[in-house]
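Since the structure comes first, as structure tokens, the remarks are kept for the end.
The values are calculated or read from the model by the stated rules, or taken from the named source; none is laboratory data. None of these values were measured; they are calculated from a predicted model. Here the Cβ positions follow ideal geometry from the backbone for every residue, glycine too, while neighbour counts run over all protein chains shown. Just the protein is used for accessible areas: all its heavy atoms, side chains included, with ligands, DNA and RNA removed. Shrake-Rupley method; radii C 1.70, N 1.55, O 1.52, S 1.80 Å.
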Amino acid sequence: MTKKDETNEKLKGTFYLSMTLGVFIVIVWGICFGIFMGRF
Amino acid sequence: MHLHKYEKYWLTFGVGSLIVFLLITGIMAFHNGSHPPSAKKTINYEKVDELAPFNNPGVHRVSGKDWDYEVVVIASAFAYIKPVLEVPVGAKVKFIATTKDVVHGFEIAKTNINMMLEPGYVSEFVTTVNKKGDYLIVCNEYCGVGHAQMHSMLKVVDKK
Amino acid sequence: MTGKSFESASANNVHPKQVDPRDARLSMAHIYVAFIALFIGGLAGLLQVLVRADTIKLPEPINYYQVLTVHGVLLGLILTIFFIFGFQTAAMSRAVGTLTDQQRLLGWIGFWVMTVGTVMAAVMVLLNEATVLYTFYAPLQAHWIFYAGLALVVIGTWLAALSESLRWIQWRKENPNQTSPLIGFMIICNNLMWFVATIGVATEVLFQLLPWSLGIVDRVDVLLSRTLFWSFGHALVYFWLLPAYMVWYVVVPKVIGGKIFSDSLARLSFIMFVLFSVPVGLHHQLTEPGVDASWKFFQVVLTMMVVIPSLLTAFSLFATFELRGRELGAKGVFSWLKKLPWGDVRFFAPFIGMLVFIPGGAGGIVNASNQMNQLIHNTIWVTGHFHLTVATAVVLTFFGATYWLVPHLTGRQLTKEMNKLGIIQTILWALGMGIMSISMHAAGLLGAPRRSSFSDYGGADLAKTWLSYQVGQAVGGTLLFIAILLFLYIFIKLRWSSTHKGFEEFPIGTVSEHAQKTPPILENFKLWIVILVALVLIAYTYPIYDIISNSPLGSKGYKLW
């Protein structure tokens, strides 16, 4: 198990970067959704 | 198959977001009736001028329907009939359009009214025009050499 | 497994890591055609952005849409198809083994059928007999030779795909119960998806457009033709993307000195691409009449499924980079980024491609979000979107691959000087595309239509606001054309300069020792084919039945250009 925790620790940067891109996607979608709802 | 702890979190977040997108658009479509334009009426595209409602293009006030106005538009290479449409602000309007020749687009710029016009099919979209202004209508599907000259105007004006 | 089996598999080669010279010639033939298409198609793109910014007028009798057809057909179809089959042939030969004489002959027949088809279509476009854009929407009617040419291109791709696939099948027979080399597996996935996807467009061309343009039948079912086209059209974009993913998954780890993060996850994402790339075409037809709204939404759901393998890929690639950076001694959360070989164009070009795929993918999710499509459908936003995905993520990766592939195949080396020019080329491309694509996205949200020549729309105020973005597109497009010229200069130097003789590696990564064993089910193509066919039937049977049973009077042909 300790070995596994170690690889997990090694992937911290990967996790943060992935989440950043995920949040970016959600923001882009949210902005477009806002524009869509604001138009008739 | 083995997934890392972080990869599980990431996939949960990613797939979760996709599900949220689908839920929002799905509920809007199936519960609030906000589908993309998907009318299934057909028409003889060679006789559009003779067939209702296209024998009388333009803006018409209607009663007893779910909407207050019908805007009937005929597209052909490379113009729309009629060139100017005027509707009062706040009206619920049904846009009804078709083409007499090739595929055209019917896009009212800076609105969500954006539909394909295909020979033999009637395209429809209902919306409430809630902002005053002049809205440029453009053909957004390539239809031939005059494609970029094909446009008209929707004027949303004060109620009379 | 992996590393050793890759090499032993190609034991009958001249050099164990070298593509056999006979296979190299076949691969290079494709690459020449691809880059001729790049030059002419790129020139057409330059003319378009300049016309649309109102800086030049095309001389009579050339019209904007003819130039646009050249751009779309040559870059969207010819550059991509030829480069992909050239790359895949070399990769199959390198990782799985030298082709047999029969397999290679089949590859050459495929190449010539594709080339003859390309020339036929190109001649008709140049004669202004086929100004119908690369989507060739009926009832605009091109000369029948144009359609016949495109049909030959598709038939040629089937032969080329079969040639590569036979080599992989041979490997499987010779190595029972073993996991096949990863890149070979990926090529099979891409070819399988391509074969299933092209059935739709081949049906459209052979049974609708050819008889109609030949005058055998009078009328064509327009909506059916569009639906068949788009059953192919979205898989087409994944056919462009998957070879870039092959480079990202298999080549880049080796270039940076790291390992492939996980063999099984890579295979899993490719299988998901195979399954979900085809039954999703209706998301290109969201604003069309005559297509049932519920079925549109069903395919929207399937479209979101095809996002998942890209999510997996993002994590796997970051992980490969992070593990390598840490191996080199990086300690902080992000300090491993500094350890990556930024000065190596074999890494840098595809990396920029990956980065650009993020906004590309985000925009794509918006496009596919059912009624939200009305916001951007057929506006120039869409053009901006696929110039991020195919024209940057994919094309920059292809450029990055060219820098090692061409010297490898021709017995030369990527020199320091050429590497440096490659880095400059990549930066120019990213900059040009950034400016052009951002302008396109912004103008699209303001309603500017795609596929349109310059127009002031009767002096409309709104059209004036589009103009500054069109100037932005022209600036970006000009930078891109300069980048194409620089790329072609590097290509010519790498291919023909006598001072560069030597050996350039074809990098093939090996799998991390921490990764788990690959489950055999991933290689069970019989299962995946059954699921794929079932999904396509479920997604398309009712909509196509509905379209046919509801169909209005068909359309006669028009030539409005």
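Close amide H partners of residue B:38, meaning residues 5 or more places away or on another chain with modelled amide H under 5 Å apart, are B:124. Name the residues of the stretch C:61-78 whose accessible area falls by at least 40 Å² when all protein chains are present instead of the chain alone, probe 1.4 Å? SASA drop of 40 Å² or more in the stretch C:61-78: C:65. For chain B, a Gaussian network of Cα nodes joined below 10 Å ranks B:142, B:69, B:80 by mean-square fluctuation, and the top entry is B:142. Nearest 0.05, what FRET efficiency do residue A:23 and residue B:3 give at R0 = 25 Å with Cβ-Cβ as r? Working from the Cβ atoms, E equals 0.75.
Mind listing the long-range amide H neighbours of residue B:80? Cut-off is under 5 Å, sequence gap 5 or more, other chains count too, H placed in the peptide plane at 1.01 Å from N. Excluding prolines and chain starts, which carry no amide H, the hits are B:151.
Ranking C:89, C:379, C:345 by Cα position along the charge dipole of the stretch C:18-555, where only Lys, Arg, Asp and Glu carry charges on their C-beta atoms, puts C:345 farthest toward the positive end. Comparing B:35, B:60, B:147 in a Gaussian network model of chain B (Cα springs below 10 Å), the most mobile by mean-square fluctuation is B:35. When chain B is treated as a Gaussian network with alpha carbon springs shorter than 10 Å, the biggest mean-square fluctuation among B:13, B:125, B:30 belongs to B:13. Evaluating 6.51 cos²θ - 1.76 cosθ + 1.60 at θ = phi - 60° for every residue in the stretch C:482-495, the Karplus couplings come out as 4, 4, 5, 4, 4, 4, 5, 4, 4, 4, 5, 4, 5, 7 Hz, glycine and proline recorded as x.
Only one residue of C:484, C:398, C:497 has its Cα farthest out toward the positive end of the dipole of the stretch C:381-537, where Lys and Arg carry +1 and Asp and Glu -1 on Cβ, and that residue is C:497. For chain C, the calculated P(r), taken from all Cα-Cα distances in 20 Å bins from zero up to the bin holding the longest distance, is 21, 58, 21, 1 percent. Across the protein chains, with a 1.4 Å probe defining accessible surface, the residues B:86, B:118 rank B:86, B:118 from largest area downward.
Estimated at the nearest 10 Å², the accessible area of residue A:20 is 80 Å² with a 1.4 Å probe. For the set C:528, C:248, the ranking by accessible area, highest first and with no ligand, DNA or RNA atoms included, is C:528, C:248 under a 1.4 Å probe. Were the residues from residue C:499 through residue C:465 laid out at 0.36 nm apart, the gain over their Cα-Cα distance would be 7.0 nm.
Please give the FRET efficiency for residue C:108 paired with residue C:216, using the beta carbon to beta carbon distance and R0 = 30 Å, rounded to the nearest 0.05. Efficiency, from the Cβ-Cβ distance: 0.35. Buried accessible surface for the B/C pair, both sides summed and rounded to the nearest 100, is 5800 Å² with a 1.4 Å probe. Overall shape of chain B was characterised from the C-alpha gyration tensor. The equivalent ellipsoid obtained from it has semi-axes of 36, 20, 16 Å, in decreasing order.
Of all lysines in the structure, those lying under 16 Å Cα to Cα from residue B:160, and not within fewer than 8 positions of it along the same chain, are B:92, B:131, B:132. Within a Cβ distance under 11 Å of residue B:45, other residues only, what is the Lys/Arg minus Asp/Glu net charge? In short, 0. Legend: residues C:28, C:272, sorted from most to least accessible area (1.4 Å probe; ligands, DNA and RNA excluded), read C:272, C:28. Ranking B:60, A:31, C:144 by Cα position along the charge dipole of the protein assembly as shown, where only Lys, Arg, Asp and Glu carry charges on their C-beta atoms, puts A:31 farthest toward the positive end.
Among the protein heavy atoms, those of residue A:15 account for about 30 Å² of accessible surface (1.4 Å probe, every chain in place).
Amide H to amide H, with H built 1.01 Å from N, residue B:121 comes under 5 Å of B:43, B:99, counting only residues 5 or more places away or on other chains.
When the C-alpha to C-alpha distance is required to be over 20 Å, the pairs from B:41/B:159; B:159/C:464; C:259/C:338; B:41/B:65 that qualify are B:41/B:159; B:159/C:464.
Taking Cβ atoms as reference points and 12 Å as the exclusive limit, the residues near residue C:546 contribute a net charge of +1, counting Lys and Arg as +1 and Asp and Glu as -1. What net charge is computed for the residues neighbouring residue C:454, neighbours being all others with C-beta under 10 Å from the C-beta of residue C:454, Lys and Arg scored +1, Asp and Glu -1? My count for the surroundings of residue C:454 gives 0. Rounding to the nearest 10 and keeping the result within 0 to 90°, find how far the Cα-based axis of helix B:5-30 lies from the longest principal axis of chain B. That works out to roughly 30 degrees.
Report the FRET efficiency, 1/(1 + (r/R0)^6), for residue B:32 and residue B:56, where r is their Cβ-Cβ distance and R0 is 22 Å, rounded to 0.05. According to the calculation, E is roughly 0.10.
Between the alpha-carbon centres of the stretch C:395-439 and the stretch C:282-360 there is a gap of 20 Å. Quick one: check the C-alpha center-to-center distance for the stretch C:505-561 versus the stretch B:30-72, whole angstrom. What the calculation gives is 36 Å, centre to centre. Accessible surface of the stretch C:111-199, 1.4 Å probe: 72 percent of it comes from carbon and sulfur atoms. Shown for the stretch B:137-155: residues covered by the partner protein chains by 50 Å² or more of accessible area relative to the chain by itself (probe radius 1.4 Å), namely B:140, B:141, B:142, B:145, B:148.
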